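Right, one structure below, let's go through it.
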Amino acid sequence: MINPNEIWQVEVKKQIFEANVEELCQWIAEGALLPTDKVRRGNLRWLEANKVPLLNQFFNCKELGLPLPVFRTSVTNASLPENDTQTNAENFAASPTGQENQSSAEIDYSAPEIPFSNSAPINSQTPNSCHFHPETEAKYLCETCSNFFCKVCPTTYGSSVKICPLCGALCKLIDDVQAKHKRDFQYQNHATEGFGFSDFGKALAYPFKFRASLIFGAVMFMLFTLGQTAWAVGGMFMLGSGIVCAMLANSLTFACLSNTIDNFSQGNLEADFMPGFDDFSTWDDVIHPFFLSIGAYLVSFAPLILIIVVSIFWMINSIKSSMTTFEDAAPKIETRSRVIEQMDRQAAERNRQTDAALNGNTALPNYAQAEEEEFKQVEEMINQHRQAQIESIAGKSPETARMEKDLLIKQFLGIGAFTLLFSFVAFLWGIFYFPAACAVAGYTRSFASVINPLVGLETIRRMGFNYVKILAMCLVLGILSFAASFFLELIFLPFDLPKVGNMPAKIIGGVFTFYFSVVFSVILGYALYKSSDRLNFYGG
């Protein structure tokens with residue numbers, strides 16, 4: 001066995017410290033001694049701390065989040081076997097001869113389930129008893145001095161702050177400490193498991209763990225979906241009601257998303273996806289999630305919206321310019337007075353030519369052909385004038401509408417190809433970036449961070465291939481959602497009504513939409529949770 005009083009040397013950051021075995025174990029609990037730090041016994045060679053069997057057991061328990069064993073000492077005459085001379089066990093060679101009846105070190109695995117974490121003496125009390133009242137069950141633990149206390153022993157400040165009566169450090173509920181270690185152990189297992197399509201199956205089943213929340217949220221979302229059809233009835237009030245219902249539906253889904261991602265990022269994988277309404281706040285539970293959703297949609301689809309708006313204005317201006325050219329090139333429509341005036345001038349000209357012919361004894365000119373041409377010209381002007389009057393009252397004639405339509409198609413073909421190409425690229429960007437925007441909205445809850453694409457791109461970079469898996473899962477989820485909507489519309493097609501649409505399909509479709517939105521939130525939660533080591537926000 002090991003002499004607990006023998007001094008060991010520890011090299012940390014190129015500095016040498018001395019301590020006995022018990023102190024080394026306490027340093028491991030504190031995190032001051034790392035597995036890669038060098039230690040040695042006496043003048044033997046240096047070893048990494050995790051290669052010392054006794055210390056390695058403490059490192060393993062700490063890494064797995066298991067309760068650390070308690071270091072105890074005993075007296076024994078035993079000595080190490082004579083053949084225990086392996087290279088990695090040099091520091092455990094027998095002590096110099098003549099040192100018999102020496103103390104030895106042992107590890108007691110029946111110790112309390114709460115690990116000590118500092119250099120204070122280890123309490124030998126039973127795990128469920130108070131330090132000052134052994135007959136009373138312990139409720140609090142001081143992680144600084146590793147002592148247990150009942151409800152009345154710690155000094156209380158406010159309603160939740162408990163101070164250790166021995167060392168003055170903060171006491172915590174034993175259940176909270178054990179839950180934290182359980183989450184840490186769970187996280188270690190999940191981190192080694194990685195993010196994959198098994199998590200997609202868990203996400204599909206997750207909403208059914210909280211059936212009451214699923215039913216309540218689905219009913220709320222369904223009512224908001226139905227409320228959005230109010231604008232079809234007409235009137236400003238109905239239009240405003242439809243907009244408000246759309247805002248509330250968006251707020252509900254993003255409130256669930258933010259709550260789910262926040263819980264998962266803290267390692268709480270069994271929390272309800274629905275926000276608690278015990279401390280309901282209009283700002284935190286309605287307005288703030290709505291602005292987060294607006295930020296996510298803007299940063300994802302702003303390029304697409306910008307391209308569409310610019311294209312529309314460009315097309316309108318081009319059509320106006322072309323129509324102006326078309327109107328200038330078209331024959332001018334003469335008014336009735338101008339037609340009469342022109343006819344009078346032509347009659348006067350003929351009279352003048354007739355008088356000249358009579359005075360000069362010349363033959364009279366043949367006016368038959370000239371009058372026929374003038375008659376056709378006058379008839380054409382009258383028809384144009386009549387057409388203009390009819391179009392001013394009854395609208396454009398089919399011929400005029402056809403010419404304008406041909407001109408519109410010509411203008412669209414001129415700029416439509418580039419518009420469609422850029423719009424398609426912008427749409428793909430929105431689909432690619434939207435999950436990252438939602439993730440940022442969930443774990444930051446900051447509008448400024450959501451609309452900053454650099455934050456989202458950094459999140460994508462750190463998640464790496466996990467983000468590709470998210471996109472694949474979202475694609476499958478989108479296909480399932482589309483299939484559900486298609487079959488609902490097909491089944492309830494006889495109930496399709498003018499203006500309001502297919503109400504039964506909308507009612508049941510709202511339930512499916514809410515369910516898929518929760519699944520999407522859980523997918524992001526699992527991905528962020530299992531990428532916590534790269535995102536640096538899991539605190540255990």
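Since every read-out is calculated from the coordinates, none of them should be taken as a lab result. Quick caveat, the model's predicted, so the values are computed rather than measured. Cβ atoms come from the backbone with ideal geometry, glycine included; neighbour counts cover every protein chain shown.
How much length would be gained if the chain were fully extended between LEU298 and GLU193, taking 0.36 nm per residue of separation minus their Cα-Cα distance, in nm to one decimal? Display every interim value, and only then the final one.
Details: separation 105, 0.36 × 105 = 37.80 nm, distance 3.49 nm.
Once the chain is fully extended between LEU298 and GLU193, it gains 34.3 nm.
Cα centroid distance between the stretch 139-155 and the stretch 235-268, in Å?
The stretch 139-155 and the stretch 235-268 have Cα centres spaced 43 Å from each other.
Determine the alpha carbon to alpha carbon distance for each of LYS62/LYS209; LYS51/LYS180; LYS172/LYS530; LYS209/LYS530; LYS51/LYS469 and list only those over 30 Å. Don't skip to the answer; put the middle values down first.
Working: LYS62/LYS209 32 Å; LYS51/LYS180 28 Å; LYS172/LYS530 27 Å; LYS209/LYS530 21 Å; LYS51/LYS469 38 Å.
LYS62/LYS209; LYS51/LYS469, as the Cα separations exceed 30 Å there.
Send over the per residue convex hull volume for the stretch 435-527, Cα only, as a whole number of Å³. Spell out each step's value before the answer.
Details: hull volume 10.0 nm³, N = 93.
Taking the convex hull of the Cα positions in the stretch 435-527, it is 107 Å³ per residue.
So, with +1 on the Cβ of K and R and -1 on the Cβ of D and E, and no other charges, what is the size of the charge dipole of the stretch 160-314 about its Cα centre, to the nearest 20 debye? The partial results should precede the final answer.
Values: 8 positive and 12 negative charges, 28 e Å.
That gives the stretch 160-314 a dipole magnitude of about 140 debye.
Any idea how far apart LYS209 and ARG461 come out in nm if each label point goes 7 Å out from Cα toward Cβ?
Inter-label distance under the simple model: 3.3 nm.
Hand me the trypsin sites (Lys or Arg not before Pro) from the stretch 1-57 located in a DSSP loop with no more than 15 other Cβ atoms within 10 Å, in residue order please.
Working: sites: LYS13, LYS14, LYS38, ARG40, ARG41, ARG45, LYS51; in loops: LYS13, LYS14, ARG45.
In loop regions of the stretch 1-57 (DSSP not H, G, I, E or B), the sparsely surrounded trypsin sites (Lys or Arg not before Pro) are LYS13, LYS14, ARG45.
Calculate the FRET efficiency for THR36 and GLU6 from the Cβ-Cβ distance with a Förster distance of 25 Å, rounded to the nearest 0.05. Don't jump to the answer; show the numbers that get you there.
On the way: r = 23 Å, r/R0 = 0.91.
Here the calculated transfer efficiency is 0.65.
Give the peptides 511-524, 458-471, 257-270 in descending order of average Cβ contacts within 10 Å, highest first. Don't skip to the answer; put the middle values down first.
Values: 511-524: 22.4, 458-471: 16.4, 257-270: 20.3.
Result, highest mean Cβ count within 10 Å first: 511-524, 257-270, 458-471.
Average the reciprocal distances over every distinct pair of alpha-carbons in the stretch 192-242, invert the result, and give the Kirkwood radius in Å.
The answer is 13.8 Å.
To the nearest 0.05, what FRET efficiency results for MET220 and LEU490 with a Förster distance of 30 Å applied to their C-beta separation? Don't jump to the answer; show the numbers that get you there.
Values: r = 26 Å, r/R0 = 0.88.
E between MET220 and LEU490, to the nearest 0.05, is 0.70.
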